[in-house]
Amino acid sequence: MKIEADLVVFNGNIITMDPQKPTVTALAVKSYKILAVGDEEEVLELVPTAKKVLDLGGKTVIPGFIDAHTHLTSAGIKQSHVQLDNVKSPEEAIQKLKDNVGRYPKGEWILGYNWDESEWTDRRYILGKELDEVSNDHPIMITRVCGHLASVNAIGLKKLGIDLKQEGVMKDKKNKPTGILKDIDEIWEKVRPGSEKLLEGIVKGNRIAFEKGITAVVDNAPVGTLRYVREIERRNQLSTRMILNIPVEQLNQMTDLGLTSGMGSPMVKIGGVKIFTDGSIGAMTARVSKGYLKDPENKGRALITPDKYKDIVKNAAEHNIQTVTHAIGDDAIEMVISTFENLEDKSMLREQRHRIEHAELINEYQIRRAVGLGLILSMQPNFVGRWQQEGGLYDERLDPETVRGMNMFRVALDNGARLCFGSDGMPYGPLYGIWSATTHHNDRVRLTVEEALRCYTLESAYSVFQENTLGSLTVGKRADFVVLSDDILNVKPDTIKDITVEMTVVGGIVEYSITRD
Ligand SMILES: [Zn+2]
């Protein structure tokens, strides 16, 4: 009996990331999965007919990118608010907010996102009193690009109703709050969007993904988001596979319900439990052993005690839940690794694939210990392109030797680490990340294109228990792939960030195409 495929693509330069057949020219899809890969003759022999046939015209195809660390739903929601990504000064940010006041009914939160003072000549945070000038009728909160720091106006501070004596509320010389809040988690809950905004946000977030060639993302969102993602899936509007990490505050809900990592549908899955141990380098809250350049006394902020962290890890591991721990500074990373080392029962750790998120200041000794424990390093080459260039933000925050030891992807792979790549949305786009990792001036950071590609596909699939269904173009796996404008393995690495994603295919369905077929 001859099989009819749903889709056959041919005349391509198909990079499979499968060592058995690294490059082929054709592939066939049936029931959302890859039915055959090979040259045209091989595929035709197996699958003589297809409902749809696509001539790739020699273009390069790679497996769909898996972005292992995103905030995609919240990025989608943010698109409905004021974007401060590209403003060039505090004044321009204030002006942009003023221009948008009319969109918000009186009393409603005006929210702005992603300002980054490191890209301004006037490198300072925006103060609450400057936001007071934007409007007297609205609470206003603008969040720094790292998501760990926000500026709030006086009405906003009142509306948040938080304890202004707590750590993280920045004060001026007269001991009055400046409106700058660092790592105060309770504030985000107070500005959470309603259900329609959430549904809209998920669809918008999906668009961000498929335009960048991302076919699966790990999103960090409260467990309630699951209901909305499933609703979008039911409406047939979910175009990106989503794996959801659940905040640690909801770990008990997960264990009560018996939710474990990896369960779900082909499109929506439960990820791990997300725990924060420190802040960010930009906000100078990452826990570093040597202190910050301009403020050596400041060694960052511990967001959790070692005892509490150990309890959480034990609880999660006993319930077969993957932990996903944000740890950027070397001191925070040390606490994470030694916690795992000190667990009485380590037999399941490798199988449970616990992840350290960012791990930017991990040193070689720590890398080796992480490898020994089976911990996955979930790192962001996109940070490197954005902040770890000469004279960039990291050079301003930390001494040169420390910066030289940051984000050592090369050292991690040379020590046998499981290294998966994510963007954290800074910015979105795996091609930007691959460009960053492959062109970096520091040879402790720099990877080959093939290695970086592998970290953004197969290794990311492994980090979410999906290496048998995603991450390479192999018979039986989901038919997730991307058509690129250029041959990523053969262009000059410096031009990788300019490659265009021409088509994104998820489960054999064309979700995005720059040309109509
Ligand atoms: Zn993040």
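The values are calculated or read from the model by the stated rules, or taken from the named source; none is laboratory data. Note that this is a predicted model, so its numbers are computed, not measured. Note that we place each Cβ from the backbone using ideal geometry, even for glycine, and neighbour counts take in every protein chain shown. Only protein heavy atoms, including side chains, enter the accessible area calculation; ligands, DNA and RNA are left aside. Shrake-Rupley method; radii C 1.70, N 1.55, O 1.52, S 1.80 Å.
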Among the DSSP beta bridges whose two residues both lie in segment 1-139, what percent are antiparallel, rounded to the nearest 5?
-> 55
Simple label model, 7 Å out from Cα along Cβ direction - Gln95 to Arg207, nm | 2.7
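In the chain, what percentage of the DSSP-assigned beta bridges are antiparallel, given to the nearest 5?
45
Got a sec? What order do Cys455, Cys146 fall in by accessible area at 1.4 Å, biggest, i.e. largest, first? Before the final figure, lay out each step's value.
Working: Cys455 5, Cys146 25 Å².
The ordering from most to least exposed comes out as Cys146, Cys455.
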State the extension gain, in nm to one decimal, for the chain segment bounded by Glu231 and Lys165, taking 0.36 nm per residue of separation less the distance between their alpha-carbons.
-> 19.6 nm
Out of segment 106-192, which GluC sites (Glu not before Pro) are coil in DSSP terms and have no more than 16 other C-beta atoms within 10 Å?
-> Glu108, Glu133, Glu167
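Can you pull the percent of segment 6-97's accessible area that's carbon plus sulfur, 1.4 Å probe, other chains left in place?
On the way: 2080 of 3920 Å².
It is 53 percent, rounded to a whole number.
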Provide the FRET efficiency to the nearest 0.05 for the Tyr32-Glu4 pair, computing r from the beta carbons and using R0 = 25 Å.
-> 0.95
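Roughly how many Å² is the accessible area per residue of the chain, as a whole number, for a 1.4 Å probe?
Working: 21560 Å² over 517 residues.
Spelled out: the 1.4 Å probe surface of the chain, per residue, equals 42 Å².
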According to a simple spin-label model (label point 7 Å from Cα along Cα-to-Cβ), what is the distance in nm between Lys88 and Thr49?
-> 6.1
Divide by every residue of the chain the summed helix terms, -39500 (n - 2.57) for each DSSP H run of at least 4, and state the resulting mean residue ellipticity at 222 nm, rounded to the nearest 500 deg cm²/dmol.
-> -8500 deg cm²/dmol
Can you check how the C-alpha radius of gyration of segment 45-112 compares to 2.2 N^0.38 Å, as a plain ratio?
-> 2.05
What is the gain in length, in nm to one decimal, between Thr448 and Asn136 on full extension, counting 0.36 nm per residue of separation less the C-alpha to C-alpha distance?
-> 107.0 nm
Please compute the Cα-Cα pair-distance distribution of the chain with 10 Å bins starting at 0, giving whole percents from short to long.
-> 4, 19, 28, 27, 16, 5, 1, 0, 0
So for segment 386-507, Kirkwood radius off the Cα pairs, Stokes-Einstein at 25 °C and 0.890 mPa s: how many µm² s⁻¹?
-> 158
Compute the signed sum of charges (Lys and Arg +1, Asp and Glu -1) over the other residues within less than 11 Å, Cβ to Cβ, of Asn442.
-> +2
Rounded to one decimal in nm, the spacing of the 7 Å Cα→Cβ label points at Ser118 and Lys176 is 3.2
Heads up, I need the accessible area for Tyr365: 1.4 angstrom probe, whole protein in place, Å², nearest 10.
-> 150
